[in-house]
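Shown next, in structure tokens, is the structure this report addresses.
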Amino acid sequence: MSPRTTPPFRADHVGSLLRPQPLLDAREQHKQGRLDADGLRAVEDEAIREVVRQQEATGLQTATDGEFRRTSWHMDFIYSLRGVSRTDDMIKVHMKNAAGDNDFTSAALKVDGKLGIDGPIFGDAFQFLQSTVSTGTPKLTIPSPSMVHYRGGPAALDPAVYADEDEFWTDLSAAYADQVREIAALGCTYLQLDDTSLAYLNDPAQRAEITAQGRDADHQHERYIRQINAALAGRPDSLSVTTHMCRGNYRSSWAAEGGYDFVAEALFTQLDVDGFFLEYDDERSGTFEPLRFVPPDKYVVLGLVTSKSPVLEAKDDLKRRIDEAAKYVPLEQLCLSPQCGFSSTVEGNNLTRDEQFAKLALIVEVAAEVWG
């Protein structure tokens, strides 16, 4: 079977990695005013150099900066959009894991100005990543446009700025189109749009919450797909774009459940990306049957290896599940990855960095044995 030389790769990963203790210590010192911005940047730089070396030593064809400069996978980006402000209100997110509930709160957002960007968001971070990578393709991960809406909803829009929600969507997609164009101009060839909303919408409980807010839960995913496509419409041929979907990832906990059935047909046939990173590490993700809608020109990255537990999967179990998925999508269109990042927020999931890299090494080994 032919090797993959463009993203997504046979052995890939979602993006975020566990922060090393020296970086966590430096962040705390910076928060307390005992370390300035330059000092924190120096610690981040060294941590990123090391984690890139580790990814390349593992045999991965791509490398990220582990999202080491961020507090969360999405809000650092969203707050960098012109026209978006942090508010004093707090959003409570109900999470759960095998042990019970594990809720957390985060700052809310307000769209109180016309949306746009002032230069490529995370542009400097990506250029540093470029300078550190020697064998892999540097990948930038950012939240999808729909996360701005899903996190705040129409209630987050200042009516003095956006009385018409359609105008909000037009400006948001235009801001993202500028981001895509400008990050590609820096030499980025691998961009990933992270999107929990398209997975959450498969959960009847999540759709009920949206309906209770007066929103159209039955068609919201279709609006999201259209707006992502608008953001990607002018991307250069040199830029491969994937999307990652999961049901929440905070300290080994999740927020939503349910297979991909509700969004599958629209998602796989209409979303204009090159590949889909799909969470498939346990029964919460449903069956592989929705993959029957994947067209011949798209790739599916099976998230069969959990990032939520230190237990190392058995190779034969992974291969068996790949065979099951191949009943719906040809093996040539499949790849393998963890189900999510290892540290979607700075706190990280409940495993060690050695256990994290053991899982990444397992993915590389299984991919080599399955696809050559």
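All of (1) buried (at least 21 other Cβ atoms within 10 Å of the Cβ); (2) among the β-branched types (V, I, T); (3) not in a loop (DSSP other than H, G, I, E, B) hold for T269 with one exception: (1).
For region 187-237, filtered to residues that are in contact with a Lys or Arg (Cβ under 8 Å, 6 or more places away or on another chain) and among the hydroxyl-bearing types (S, T, Y), the residue that is nearest to P8 (Cα to Cα) is Y190. The single residue among G258, G187 that is in a loop (DSSP other than H, G, I, E, B) and surrounded by 17 or more Cβ atoms within 10 Å (Cβ to Cβ) turns out to be G258. Checked against (1) touching a residue at least 12 places away in the same chain (Cβ under 8 Å); (2) within 17 Å of A231 (Cβ to Cβ); (3) out of contact with any helix residue (DSSP H, G or I) (no Cβ under 9 Å at 6 or more places or on another chain), G113 passes all but condition (2). Within region 16-64, can you find the residues that are among the small types (G, A, S) and crowded, with 16+ Cβ neighbours inside 10 Å? Selection gives S16, A26, A47, G59, A63. I228 meets the conditions (1) in a loop (DSSP other than H, G, I, E, B); (2) modelled with pLDDT of 95 or more; (3) open to solvent by less than 10 Å² (accessible area, probe 1.4 Å) in every case but one. The failed one is (1).
Pairing residues of region 276-288 that are touching a residue at least 24 places away in the same chain (Cβ under 8 Å) with residues that are among the acidic types (D, E) and crowded, with 19+ Cβ neighbours inside 10 Å, at Cβ distances under 9 Å and at least 6 apart in sequence or on separate chains, gives F277/D12; F277/D194; R284/E257; S285/E257; S285/E279; G286/E257. Any residue that is in a helix (DSSP H, G or I), aromatic (F, W, Y) and crowded, with 20+ Cβ neighbours inside 10 Å - is there at least one of those in region 148-159? Yes: one or more hits.
Name the residue that is least open to solvent (accessible area, probe 1.4 Å), counting only residues in region 346-372 that are of a type in the set (D, E, K, R) and under 19 Å from C335 (Cα atoms). Taking the candidates together, the pick is K359.
Of all residue pairs spaced 6 or more apart or on separate chains, those with beta-carbon atoms under 8 Å, a first member in region 161-181 that is touching a residue at least 40 places away in the same chain (Cβ under 8 Å) and surrounded by 19 or more Cβ atoms within 10 Å (Cβ to Cβ) and a second member that is charged (D, E, K, R) and part of a loop (DSSP other than H, G, I, E, B) are V180/R235. Being among the charged types (D, E, K, R) and open to solvent by less than 40 Å² (accessible area, probe 1.4 Å) holds for only one residue in R70, R86, and it is R70. In the condition set (1) open to solvent by 20 Å² or more (accessible area, probe 1.4 Å); (2) in a strand (DSSP E or B); (3) of a type in the set (G, A, S), G113 is compliant with all but (1).
Scanning region 306-325 for residues that are open to solvent by 10 Å² or more (accessible area, probe 1.4 Å) and farther than 16 Å from V370 by Cα gives T306, K308, S309, P310, V311, L312.
With respect to being open to solvent by 20 Å² or more (accessible area, probe 1.4 Å) and modelled with pLDDT of 95 or more, D195 falls outside the description. Taken over region 326-338, the criterion of being buried (at least 20 other Cβ atoms within 10 Å of the Cβ) and farther than 17 Å from D12 by Cα is satisfied by V329 alone.
All of G303, G341 fail the test of being in contact (Cβ under 8 Å) with a residue 24 or more places away in the chain and either open to solvent by 60 Å² or more (accessible area, probe 1.4 Å) or within 17 Å of R19 (Cβ to Cβ) (or both), apart from G341. What is the one condition in (1) touching a Phe, Trp or Tyr at 6+ places or on another chain (Cβ under 7 Å); (2) over 26 Å from A255 (Cα atoms) that A175 does not satisfy? Every condition holds for A175 apart from (1).
The values are calculated or read from the model by the stated rules, or taken from the named source; none is laboratory data. Worth saying up front: this structure is predicted, and the values here are computed from it rather than measured. Positions of Cβ are backbone-derived with ideal geometry, glycine not excepted, and every protein chain shown enters the neighbour counts. In case anyone asks, the SASA skips ligands and DNA or RNA and just uses the protein heavy atoms, side chains included. Shrake-Rupley method; radii C 1.70, N 1.55, O 1.52, S 1.80 Å.
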